[in-house]
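Below: the structure, in C-alpha cells.
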C-alpha cells in the first residue's frame, strides 16, 4: 500500500509568514543584474569578472593617447568602460572624465558633454543666466568646433592646465553611431578634430567603444586606420 503525502495546516494557528519560512525581511537589496542594460559608473560594486581586462585598459589609458575597446554588439564594452575602467581610474589618480555618444550631431554631443567647462565662453558677453547661458555656451562652442579644428585642442589643453588633472579621458561611447547616424561630411570633419586633439595634447586619452562589425569601415579612413595601429583592445 502506498500513501500520498498530505500537507495539513492547523486552522487554529496563523499561517507562517515569509520570514518564518526563511525569506528575506525588510527592504530587499538592489538587484545586481541589469538584463540587456549596460552597467554604469554607479554600478561598479556589482561589476565582477573582468579584472585583468580592466587592468590592461588602465595601463593603456596611462600610456597611450587612443584606446579603442572593440567587441560584438551586446558583449559589454560600455559596461567594462563605465563600471570597470572609469571607477578604477578615479580611485588611483586625479583624472578628469568626459563622456559622450556621437549620435547624428557629434559636434553638438561633444559641446554638451563639455558644457560644464563652457560657461566661461559667454560670461560677460550676455545677460542670460542659468540654463540659457549654458545652452548659449554650448552653441557657441559647437560653432567654433565646426569652423576651426584647433579649437578642441585649445579647449582641452585649458581644462587640463586649469584643473590640475594628471590626465583627461574623453570617452566616445558607441562610436559606430558616427557611421550609422552622422552625415559623411560631418563624420570626417569630426574625426579630423578628434585625431588632431589626440595627437597634440600630451595629457589626453581618447577611449572609444566600437562594435566589431564596424571596425573595417573605421579602418578604411586612412588617418583613423593609422592612429588605431597596435591600439585595439578586443572584448
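Observations, loosely collected:
- Considering only residues in region 157-181 that are over 17 Å from residue 197 (Cα atoms) and in contact with a helix residue (DSSP H, G or I) (Cβ under 6 Å, 6 or more places away or on another chain), the one that is surrounded by the fewest Cβ atoms within 10 Å (Cβ to Cβ) turns out to be 179.
- Considering (1) more than 28 Å from residue 77 (Cα to Cα); (2) surrounded by fewer than 18 Cβ atoms within 10 Å (Cβ to Cβ), the lone condition that residue 184 does not fulfil carries the number (1).
- Single residue of region 48-68 satisfying the filter (touching a strand residue (DSSP E or B) at 6+ places or on another chain (Cβ under 9 Å) and not in a helix (DSSP H, G or I)) that is farthest from residue 191 (Cα to Cα): 64
- Test result for residue 143, modelled with pLDDT of 95 or more and either in a strand (DSSP E or B) or touching a helix residue (DSSP H, G or I) at 6+ places or on another chain (Cβ under 9 Å) (or both): no
- A single member of 124, 40 is modelled with pLDDT under 85 and surrounded by fewer than 12 Cβ atoms within 10 Å (Cβ to Cβ), and it is 124.
- Residue match in region 112-120 (condition: modelled with pLDDT of 95 or more, surrounded by 15 or more Cβ atoms within 10 Å (Cβ to Cβ) and farther than 19 Å from residue 66 by Cβ): no
- Hits in region 198-214 - residues which are in contact with a strand residue (DSSP E or B) (Cβ under 6 Å, 6 or more places away or on another chain) and either in a helix (DSSP H, G or I) or surrounded by fewer than 20 Cβ atoms within 10 Å (Cβ to Cβ) (or both): 198, 203, 212
- Residue check for residue 231: part of a strand (DSSP E or B) and under 23 Å from residue 78 (Cα atoms): no
- Test: residue in region 174-183 that is more than 19 Å from residue 84 (Cα to Cα) and touching a strand residue (DSSP E or B) at 6+ places or on another chain (Cβ under 9 Å): yes
The values are calculated or read from the model by the stated rules, or taken from the named source; none is laboratory data. Values in this document were obtained by computation on a predicted structure and should not be read as measured data. Note that each Cβ is placed from the backbone with ideal geometry, even for glycine, and that neighbours are counted across all protein chains shown.
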